[in-house]
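The next block holds one structure in the form of structure tokens; read it before the comments.
The values are calculated or read from the model by the stated rules, or taken from the named source; none is laboratory data. A quick note: this is a predicted structure, and the numbers were derived from the prediction, not measured. Cβ sites come from the backbone with ideal geometry, for glycine too, and all protein chains shown count toward neighbours. Note: accessible area is taken over every heavy atom of the protein model, side chains too, but ligands, DNA and RNA are not part of it. Shrake-Rupley method; radii C 1.70, N 1.55, O 1.52, S 1.80 Å.
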Amino acid sequence: DVITVQELSNRMAVRGVDIIKFLMRQGVMLKINDVIDNDTAELVATEFGHTVRRVSDADVEEGFLAADDHDDHLEVRPPVVTIMGHVDHGKTSLLDALRSTDVVKGEAGGITQHIGAYQVRLQDGGRITFLDTPGHAAFSAMRARGANITDIVVLVVAADDGVKPQTAEAIQHAKAAGVPIIVAINKIDKPGADSTRVINELLQHELVAESLGGDIQTVEVSAKEKLGLDELIERIQLQAELMDLKANPDRTAEGVVIEAKLDKGRGAVATVLVKRGTLKRGDIVVAGAQFGRVRALLNERDEQLTEAGPSTPVEILGLDGAPSPGDAFAVVENDARARELTDYRQRVKRDKAAVGGAAAGVSLTDMMAKLSAKKVSELPLVIKGDVQGSVEAIVGSLDKLATDEVRARIILSGAGAISESDVQLAKGAGAPIIGFNVRASAQARAMAEREGVEIRYYSIIYDLIDDIKGVLSGMLAPIQ
Ligand code: GDP
């Protein structure tokens, strides 16, 4: 179910330009006819004083009815932050350094175990949840599964190295997800550090730093020397305040699985992030295709909890098997309901496996059907080419195909082989992948097959443009 900025503006009776301005302040660049993803639309709606009633596909298909969370039940919740950036720019070091800023660290409660996420407790009583799985793979894997759990991306850029390919990729992922970015310019302790250069390089990716009159917050830090961490935390809090993050704690819990494993002694152990409601010991939980009664709740300090509210990561014991990262979890009223749901999900999983994942996949033909049925007005695409020049030429030609009714929307474009990260991004955005004079890596190919993401290869620009034109006009010739 997609909605454009224009439709959202109509529904809320708010000027489109005001929505666009608000989005820009969040670091999201959208035009009036662009499709806005659910999380961002929700953010906008909340910002303009509307109560959001969201019914996800999963809810509908499984007979849930998302409860209406009235404004007066909503309470401020901690932001959920993911750290992204180029390899070796200091993501892991920064996560470690931030972990040590926890004000309760000196006491028995220091963060002792890795559960895939941790919450830092701040001087002023606030909290920030960090997903402790750095890297784009985790971020887009979650997104590909419809689990947009990150509120804010902290983009780490090493001051002595500048913007690198994975930095650019992280920017594209964050933008595609509509998640605001805060830039942490790391390694400022190093002799070659040059944050001005970093800020200038970010301009090429349409991230305009506040120091240049833009709205992207940048902070100089050193994960190694633990410099600038307080300021980074302040910036995150400021951004969170702007976003007015809220959830209803007084309902049965729902959330997302972050990590899961089978432990010899403890059985299935899953770390979940509660999105709304409060998860309690003794609750009956369905997580992906697994279920069970929550026997124990443990936090990153290895403390036993009796309950966990919104934005809290907790390890749960008691599931009958390990769910997958990105799986949704929800508390259900009784065992019978839990069995019914897990049976259903296992059946869906089997069915999907039987047809090679195509059921939930994305292909040009599927997209054409949706365009013809006027279910969508945009064709999302991921374009990878051998050289930047040809990619630009393709994107330029595709732009020219836009009509009042339909157009191609380029989710990601770039030079280089098709990677797993491209497939994940494509899956998350429902976009087929177009490869021009490039191939996919073996892993990317396997993943695309598994996830049902179509990859089409071309070596002649004209053929490519012609096919997309065909899709947009509902007349693509079937693949031989
Ligand atoms: P990741 O690949 O992004 O997770 O990067 P790491 O956190 O593993 O850091 C890569 C290397 O950079 C390691 O050798 C770190 O010790 C070093 N490093 C990280 N942060 C800093 C910093 O602020 N200053 C300096 N001098 N080195 C750092």
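Observations on the structure shown:
- Probe 1.4 Å - accessible area at Thr342, Å² to nearest ten: 10 Å²
- With every protein chain in place, the chain: carbon and sulfur % of accessible area (1.4 Å): 49 percent
- For the chain, the normalised intensity computed at q = 0.07, 0.08, 0.11 Å⁻¹ comes to -0.37, -0.49, -0.97 (log10 of I(q)/I(0), Debye sum over alpha carbons, equal scatterers, no solvent).
- Proximal charge balance of Ala170 [Cβ under 12 Å; K/R count +1, D/E count -1]: +2
- Solvent-accessible area per residue, Å², over the stretch 187-247 with all protein chains present [probe radius 1.4 Å]: 54 Å²
- Under 5 Å, built H, 5+ apart or other chain: amide partners of Gly318: Ala268, Arg295
- Counting only protein heavy atoms and using a 1.4 Å probe, the accessible area of Arg295 comes to about 140 Å².
- Computed per residue of the chain from DSSP H runs no shorter than four, each worth -39500 (n - 2.57), the mean residue ellipticity at 222 nm is -10000 deg cm²/dmol.
- Distribution of pairwise C-alpha distances over the stretch 216-348, 10 Å bins, in %: 13, 36, 26, 17, 7, 1
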